[in-house]
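Let me begin by presenting the structure, written as structure tokens, before commenting on it.
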Amino acid sequence: MPEQSSRVEPAETQRHPSQDLPLLPVRDTVLFPHAVLPLTVGRESSVQLINSLGEDKTIVVVAQREARVDTPAPADLYGVGTLATVHKVVKMPNQSLFVFAEGLERVQVRDYVQINPFLRARVQVMPEPTGQKTAEVEALQRNVLTLFQQIVASSPTLSDELQTVAMNIDEAGRLVDFIASSLPSLSTKEKQELLENHDVRLRLEKINQHLAKELEVQQLRNKIQSEVQDRVQQTQRDFYLREQMKAIQKELGEQDETQRDVEELKQKIEAAGMPEEVKKEAMKELTRLSRISPMAADYSVTRNYIEWLAALPWSKSSGGEVDILKAKEILDEDHYDLQKVKDRILDYLSVRRLKPSMKGPILCFVGPPGVGKTSLGKSIARALGRKFQRMSLGGLHDEAELRGHRRTYIGALPGQIIQGVRRAETNDPVFMLDEVDKLGRDFRGDPSSALLEVLDPEQNSTFRDNYLDVPFDLSKVLFICTANMLDPVPDPLRDRMEIIELQGYTEDEKTHIAFRYLVPRQQEANGITAEQIEFPEESVRHVIRHYTREAGVRNLEREIGTICRKQARRIAEGKTDKLLVTKDVIQEYLGGIKVRVDTELAERTTRAGVAVGLAWTPAGGDVLFIEANKMKGKGGFTMTGQIGQVMQESMQAALTWVRSNATQLGIAEDFFANHDLHIHVPAGAIPKDGPSAGVTMATALVSLLTDRCVRPYTAMTGEITLSGNVLPVGGIKEKVLAAKRAGVHDVILPAENKMNVDEDLTPEQLEGVHTHYVATIHDALAIALPSSQAEEKKDEEVREEILSKASA
């Protein structure tokens, strides 16, 4: 006979063998035997479990220990669950399932046999204890039933039918399960303890304690409600709820919300590193806050104020030494040329290294649009390793935008300066004030005057915002202002800033910038690579010369972007060959030539009485044509072209000088008595003013009256006096660069401006341009007008050659 096994199974195990069943983990829910519970099943594994059920709809429902766990492992689940039958499954629109499950019996989870795609476990049923009910159990059961009936009767949320159901349950264990599943005040942990407890007497004792506590809380709630109700009207419902909560917390001996807020704010104030004076003010306001009711109007105002004080970086700075060579490398990497600005920043870094406590400089970048003023600020912040904050001042009218509003106003906030420092989270960011020349002023105040304190290193160490009303140190902030022109900036404000001028770029510089920055940026922006499009240098120069007339590079980048978009479209249409950008391609994509640089000067100066001047504009320099004409009349003089008062006076001065030197210039004495003169400055829609076109006007008049054409490719600038002297003018660099952009070969300048040319213009910028310095108008006429018929003939040949090339 085979040998019998010596292992004997316990009788309990033999009667209730273990089963292998799918296991559904649930959060914040405990299913009791004989209870029907709706469950929302959303997890992918749980949905798969429900979908996998065949005719046998039996599953095990087990609660999670921690509700936040999304994919629970066996260790995340309790060891006791409930055997349940799935009665109904409803599919929801969001792909989740709504399941109605009825609990059958308690089960002990023995071991897990499957983890994926859903959990399966071997479970063993925990049968309800049977036997004679003792007197103690009977007494506990009756007591539990009475307490439950009282709670249901006094609770507005529990249905009265629950009393009837509870009265009809004879088994003590089943009664406990029913009450536990019906009480909303029980936590998941407490319900799980009742589920796991096998002893009916212990279960009754536990539920009895819970019911007694719940009844006491309900009675206390009713008492609080009646006490508060007398003092509160219906319209103050919000106040009533808060008072109710307060009274509950008082009875439970807990700290109320206001005290918690005060404690948190106190910790923030301690951690903020405020100066002693500011900390004293903050603590004073905090003490006041602790005495105010949360319903009072002042409560939120005071709290917001304290939070602003605690949030500011009083002692938090970027810190750390900056490597000068690394900073230089970053500046060179981000911007081409701009040597003056880079030197100034590197000087500042060097001094700060020797004296870390130095105050930040106040810089102002002045230059035409598109030369890189704003982007330079970001580059400086990167080189310094600091946070960057930018604020546009364009069109700002209200000084409260900078200084903030006083706390007495509803919705008051600190000004943009303090807000910017808070956003930066350090007390030494690079703070850019963009378009400082476009500040407005009206009845609400003058923002430029408010900036006087912000931009003064001697004053801004104790800057007082109207909202905060405590001093904040702005002296470590590196303020950088930008402007297109300095004329609108008030003198006191200009005096506080270190002006650094950023002049326009030459054609060579624009070409460098295009290949180094603009072309790669536009290729990336339009989703094409360098292998799909090629810009020869000649093509880029053609775009610069004939499609843009600007000091900066914004329009150039726009035109390059247009060409890149056209290539992106070609690729999208299936033409994958590389595009070589030639002049023909440029004309096809950008249209005809917009700026006739090479021929415009030659065309316009083919007749006597037309001279080329040089003008300064906020967008850089530009060439200015001045045209004079004569007709039979009685000595009248007309000036047109939307010209200002100063320019009209320059025209009068030029005419007076010509008339006083008529004999010397070979003009008949009675000419002015029998003729009218007209000077026009196109374009007529653009306002013009200033004295710097005096020389040009005198030259145009002499050219007209002596019937000699001004030499091609010659431009001039300078103020004229009645005695014929030529006085210095401003904007020399912009004017010379504009002349070079327009194809001018000879520039006539006042002798006293030679120093500006030597300082501001490099030999590369002057390449191809001859500068002539004149002290009198006679010197200028000798250069601008041909002195013999041979010279006139030579000039005419040059013009014809240029025009014939253009037409070809």
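The values are calculated or read from the model by the stated rules, or taken from the named source; none is laboratory data. Keep in mind the model is a prediction, meaning the values are calculated, not measured. Reconstructed Cβ throughout: ideal geometry from the backbone, glycine too, with neighbour counts over all protein chains shown. All accessible areas refer to the heavy atoms of the entire protein, side chains included, with ligands and DNA or RNA removed. Shrake-Rupley method; radii C 1.70, N 1.55, O 1.52, S 1.80 Å.
Summary table below
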| read-out | value |
| --- | --- |
| Integer Hz, Karplus 6.51/-1.76/1.60 couplings in order for the range 263-270, x for Gly and Pro | 5, 4, 5, 4, 5, 4, 4, 5 |
| Cysteines without a disulfide-compatible neighbour (Cβ-Cβ under 4.7 Å), the chain | Cys564, Cys709 |
| Integer Hz, Karplus 6.51/-1.76/1.60 couplings in order for the range 466-473, x for Gly and Pro | 4, 6, 6, 6, 9, x, 10, 7 |
| Where only alpha carbons of the range 655-808 are counted, the Rg and the Dmax (Å) | 16.4, 50 |
| For Leu677, residues with placed amide H under 5 Å, excluding near neighbours | Gly636, Phe637, Thr638 |
| The range 644-720: C-alpha gyration tensor shape, a/c 1.5 cut-off, then a/b vs b/c | prolate |
| Helix 732-741 vs. the chain, principal-axis angle (Cα, 0 to 90°, nearest 10) | 90 degrees |
| Reachable aspartates and glutamates, given that their alpha-carbon falls under 15 Å from the alpha-carbon of Lys316 and they are not under 8 places away in the same chain | Glu270, Glu425, Asp428, Asp473 |
| The range 694-701 - phi-based ³J(HN,Hα) in whole Hz, Karplus 6.51/-1.76/1.60, Gly and Pro as x | x, 4, 5, 5, 4, 5, 4, 5 |
| Mean Cα-pair separation over length for the range 407-537, i.e. relative contact order, pairs under 8 Å, 6 or more apart, % | 26 percent |
| Cα gyration tensor shape of the range 365-495, rounded if a/c is under 1.5, else prolate or oblate by comparing a/b with b/c | oblate |
| C-alpha long axis of helix 237-252 to longest principal axis of the chain, angle in ° | 50 degrees |
| Order of exposure, largest accessible area first, which applies to Ser379, Ser315 with probe 1.4 Å | Ser315, Ser379 |
| Listed pairs Lys578/Lys735; Lys630/Lys793; Lys326/Lys578; Lys373/Lys754; Lys279/Lys387 exceeding 29 Å between Cα atoms | Lys578/Lys735; Lys326/Lys578 |
| Exposed GluC sites (Glu not before Pro) absent - longest run of the chain, DSSP non-H/G/I/E/B, at most 10 other C-beta within 10 Å | 67-320 |
| Alpha-carbon centroid distance for the pair the range 126-175 / the range 700-720, whole angstrom | 115 Å |
| Qualifying lysines (Cα of each under 21 Å from Cα of Lys575; at least 8 residues distant if same chain) | Lys566, Lys583 |
